[in-house]
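Participant: Can you read through this structure? Questions will come right after.
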Amino acid sequence: SKSTGQWHSTKGSAVETIGDLTGSQSWAQSGQREHAAGEAEYNAAQAKGYAEGTKDRVGGRKDAVVGAFTGDREQEATGNVRRDKGETQQNWNRSA
């Protein structure tokens, strides 16, 4: 998850700093590895979230259009909500 990835990234940086300050090569290397693993986990979770948002956005748009075309206002409204949810999820997981 993004939060777990951030935790490991931050913890790894702290361990690396302690290793650097104390001259402990093993701590510094361990911290570097944990930081890199945390960054990888965060990026993977971010990509997954963005893809899920895209799926909801496209599916919602389709439902809204079909609902509008057929006169089914409930389907149209539900589709618009799903589309908006997907867009929000995409924005939340957009790469910097």
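The values are calculated or read from the model by the stated rules, or taken from the named source; none is laboratory data. On a predicted model such as this, the values are computed, not experimentally measured, just so you know. Note that we place each Cβ from the backbone using ideal geometry, even for glycine, and neighbour counts take in every protein chain shown. The accessibility values were calculated without ligands, DNA or RNA, using every heavy atom of the protein model including side chains. Shrake-Rupley method; radii C 1.70, N 1.55, O 1.52, S 1.80 Å.
Participant: Could you run through the stretch 52-75 and say how many residues are without any contact (Cβ under 8 Å) to a residue 12 or more places away in the chain, part of a helix (DSSP H, G or I) and open to solvent by less than 60 Å² (accessible area, probe 1.4 Å)? Talk me through it step by step, then tell me what you get.
Facilitator: Taking the stretch 52-75 and keeping what is without any contact (Cβ under 8 Å) to a residue 12 or more places away in the chain, we get 68-74.
From what is left, the residues that are part of a helix (DSSP H, G or I) are 68-70, 73-74.
Adding the requirement that they be open to solvent by less than 60 Å² (accessible area, probe 1.4 Å) leaves 68.
Here the count works out to 1.
Participant: When the stretch 35-62 is examined, which residues are found to be touching a Lys or Arg at 6+ places or on another chain (Cβ under 6 Å) and hydrophobic (A, V, I, L, M, F, W, C)?
Facilitator: Ala45
Participant: If you don't mind, another one. Please work out if Ala36 is exposed (fewer than 13 other Cβ atoms within 10 Å of the Cβ), part of a helix (DSSP H, G or I) and out of contact with any helix residue (DSSP H, G or I) (no Cβ under 6 Å at 6 or more places or on another chain).
Facilitator: Working: exposed (fewer than 13 other Cβ atoms within 10 Å of the Cβ): no; part of a helix (DSSP H, G or I): yes; out of contact with any helix residue (DSSP H, G or I) (no Cβ under 6 Å at 6 or more places or on another chain): yes.
It is false that Ala36 is exposed (fewer than 13 other Cβ atoms within 10 Å of the Cβ), part of a helix (DSSP H, G or I) and out of contact with any helix residue (DSSP H, G or I) (no Cβ under 6 Å at 6 or more places or on another chain).
Participant: From the residues in the stretch 1-25 that are free of Cβ contacts under 8 Å to residues at least 24 places away in the same chain and under 17 Å from Ala40 (Cβ atoms), which one is nearest to the chain's Cα centre (by Cα)?
Facilitator: First pass over the stretch 1-25, keeping only residues free of Cβ contacts under 8 Å to residues at least 24 places away in the same chain: 3, 13-25.
Subsequent filtering for residues that are under 17 Å from Ala40 (Cβ atoms) retains 3, 13, 15-16.
Details: Ser3: 9, Ser13: 21, Val15: 25, Glu16: 25 Å.
Looking at the filtered set, the residue picked out is Ser3.
Participant: If we scan the stretch 27-44, do we find a residue that is among the aromatic types (Phe, Trp, Tyr) and under 27 Å from Asn93 (Cβ atoms)? Lay out the reasoning, then the answer.
Facilitator: Here is the first cut: in the stretch 27-44, the residues among the aromatic types (Phe, Trp, Tyr) are 27, 42.
Still in the list and also under 27 Å from Asn93 (Cβ atoms): 42.
There is at least one residue in the stretch 27-44 that is among the aromatic types (Phe, Trp, Tyr) and under 27 Å from Asn93 (Cβ atoms).
Participant: For the stretch 1-26, how many residues meet the condition of being open to solvent by 50 Å² or more (accessible area, probe 1.4 Å) and farther than 29 Å from Trp92 by Cβ?
Facilitator: 8
Participant: Does the stretch 81-96 hold any residues that are of a type in the set (Lys, Arg) and loosely packed, with under 14 Cβ neighbours inside 10 Å, and which are they?
Facilitator: At the first step, the residues of the stretch 81-96 found to be of a type in the set (Lys, Arg) are 82-83, 85, 94.
Selection gives Arg94 alone.
Participant: Can you confirm whether Thr78 is surrounded by fewer than 18 Cβ atoms within 10 Å (Cβ to Cβ) and more than 19 Å from Ser95 (Cβ to Cβ)?
Facilitator: Working: surrounded by fewer than 18 Cβ atoms within 10 Å (Cβ to Cβ): yes; more than 19 Å from Ser95 (Cβ to Cβ): yes.
Criteria met by Thr78.
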